[in-house]
1. Quick one: if you stick a label point 7 Å off each Cα along the C-beta vector at Ser280 and Ala82, how many nm between them?
2. If each residue's Cβ is checked for other Cβ atoms within 10 Å, how do Arg14, Arg255 rank with the fewest at the top?
3. Would you mind working out the magnitude of the charge dipole of region 1-129 relative to its Cα centre, with +1 at each Lys and Arg C-beta and -1 at each Asp and Glu C-beta, to the nearest 20 Debye?
4. Tell me which residues come under 5 Å, amide H to amide H, from Glu124 once H is placed; ignore anything under 5 positions away on its chain.
5. Test of understanding: what is the full-extension gain from Val129 to Val231, defined as 0.36 nm times their sequence separation minus their Cα-Cα distance?
6. Explain nothing, just compute: Karplus ³J(HN,Hα) = 6.51 cos²θ - 1.76 cosθ + 1.60, θ = phi - 60°, for every residue of region 123-129 in order, whole Hz, x for Gly and Pro.
7. List Phe28, Phe209 from most exposed to least, where exposure is judged by having the fewest other Cβ atoms within 10 Å.
8. List the aspartates and glutamates whose Cα sits under 17 Å from the Cα of Lys9, skipping any in the same chain fewer than 8 residues away.
Amino acid sequence: MKNDNTVSKKAFFRVFLSALLWGTYGTFVTLLERLGTASPQIVEIRLGTTALTVGILICLRDRKLFRIHAADAGWFLANGIASISFFTLCYTEAIHVTKIATAVALLYTAPAIVLVLSILFFHEKLNTVKAVCIPVSVIGCALVSGAAESLFGQTGGGISVRGLLLGLGAGLGYALYSIFSRIILNRGYSMLTCVFYSFFIAALFVPAFTYTTGSTGTLSVSVGSLLLNIVCGVVTGAAPYLLYTRGMQDMENSRASQIATVEPVVSATLGFLLFGQRLSATELCGMALVIGAVLAMNGRRGTAGKL
């Protein structure tokens, strides 16, 4: 396990920056929907753009990175289908069944799921800081998203069982990316190989699933919307997943997942700055909890290293 503070700071910055970029996704979606692009196409183009971008990087760097052993193909399939595709499908449907705020709150049960799975499969240690900071960040996400009232049924009816299961499914799929990616990286593969095949598989699976089930929309032919969607794929897909996967190599899974909880804080802030979406006292309190938990969990020295 590496204990170099410089490596720790770089790893933190990579994961933190990935969360900042993920936080812009809501802004892109809002703009794309205003241009008439249906949400299934936003998802599909984002997946395809991510795979294509990383594929180009591999061609420029070393084409040998495309090689994987047949015995390891199952892990890439698992990451592409059980993680990326499952997360994408559950999250998209959760937004339709409930609302964005509730879906985001349920999505960020992921750090707690990652912690449990990491303890079980990677023997990650549970200390007092993790035991306190991870639940605090999850609660903070619920407050930031404005979903706390809905989750507890204070706004008339609360959340449906289907919505709850879809949201938790999205959190599980999101969490599994850290788990499967850790396994792939530990088997000696590059982060480029990991991200490329995971998204290449998802880019094939998700469109096939949506078209088969008839849940796709009408593809916008606007050149402007297509270009913006490609930019969305690079900024919220390829770049943050590469940063997150690389940063995760030098820290524990639970720490990386917990740092990423700043994403809804970024989304809420951009909504306020760009679209005039007001922030309530509850949402501001949630932001403070998330940021405080991230700083507290990552303020200790010498604990970020490879497992």
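1. In this crude spin-label approximation the distance works out to 3.8 nm.
2. In increasing order of surrounding Cβ atoms, one gets Arg14, Arg255.
3. 440 debye
4. Ile119
5. Gain on stretching Val129 to Val231: 33.0 nm.
6. 6, 5, 7, 9, 10, 4, 4
7. By the 10 Å Cβ count, ascending, the order reads Phe209, Phe28.
8. Candidates past the 8-residue exclusion: Asp250, Glu252.
Bear in mind that the values in this text are calculations on the coordinates, not laboratory data. All values reported here derive from a predicted model rather than from experimental measurement. Because the Cβ atoms are built from the backbone with ideal geometry, glycine has one as well, and the counts that use them run over all protein chains shown.
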